[in-house]
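All remarks here apply to the structure that follows.
Read-outs: derived from the displayed coordinates by stated rules, not from any lab. Values in this document were obtained by computation on a predicted structure and should not be read as measured data. Heads up, the Cβs are rebuilt from the backbone with ideal geometry, glycines too, and the neighbour counts pull from every protein chain shown.
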Amino acid sequence: MSTRTVMVLSGPNLNLLGEREPEVYGANTLDDHLAVAREAATIHGLEIDHLQSNHEGELVDAIQAARTDCAAIVINPGAFTHYAWAIHDALAAFDGPIIEVHLSNPAAREPWRHTSVVAPVAAGTIAGFGSDGYRLAIDAVAALLASA
Ligand code: CA2
């Protein structure tokens, strides 16, 4: 990995995208969303590394590794968004841009989804735009790296 590498992290159950709840999350698979991110990254001369995990500690390990290996983090923490303070703390120790992405718009859903413990340590949050959110997130990373 290099300083042009963006770590894209996907939280629990996102490996099931495309199989269930298409009315909420769309029909695209996680690989489809990653293809969108990779296409956007290529335009900006960036590379994508990706980890999906159903385990909070694995995501924390990946965030810690990104401190030395990656220029930025794009994270859809899945349901960890709403309560995983260990992910919050790991992200707080990362120096580069962090963008939080959600396929759906949690603010328009159940009240328990309205809290994000990731938002306070992210440069910004993109929610409700499906795959476009990944393109927008990579565009935001590129802009933030260019202005750093
Ligand atoms: O909208 C998003 O991207 C979410 O991060 C998705 C999470 C949810 O807990 C957040 O509130 C918002 C859930 C991802 C679960 O994805 C599934 C996909 C197919 C079948 C079941 C779950």
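Brief remarks on what is shown
- Calculated from backbone phi, Karplus (6.51, -1.76, 1.60) coupling profile of the stretch 102-111 in Hz, x at Gly/Pro: 9, 5, 8, 10, x, 5, 9, 10, 4, x
- For the stretch 78-93, backbone phi angles converted through the Karplus equation (6.51, -1.76, 1.60; θ = phi - 60°) give residue-by-residue couplings of x, 5, 4, 2, 8, 7, 8, 5, 5, 5, 3, 5, 5, 5, 5, 8 Hz, Gly and Pro being listed as x.
- For the chain, the residue among ALA62, LEU30, ILE98 whose Cα projects farthest onto the positive side of the dipole built from Cβ charges is ILE98.
- Over the chain: helical MRE at 222 nm, DSSP H runs n ≥ 4 each giving -39500 (n - 2.57), nearest 500: -11000 deg cm²/dmol
- Whole-Å distance, taken between Cα centres, linking the stretch 5-29 and the stretch 56-108: 15
- For VAL101, residues with placed amide H under 5 Å, excluding near neighbours: ILE75, ASN76, ILE126
- Taking label positions 7 Å along the Cα-Cβ direction at both TRP112 and GLN64, the computed distance is 2.9 nm, reported to one decimal.
- Each Cα pair under 8 Å and six or more residues apart adds its sequence gap; the mean of these over the residue count of the chain is a relative contact order of 28 percent.
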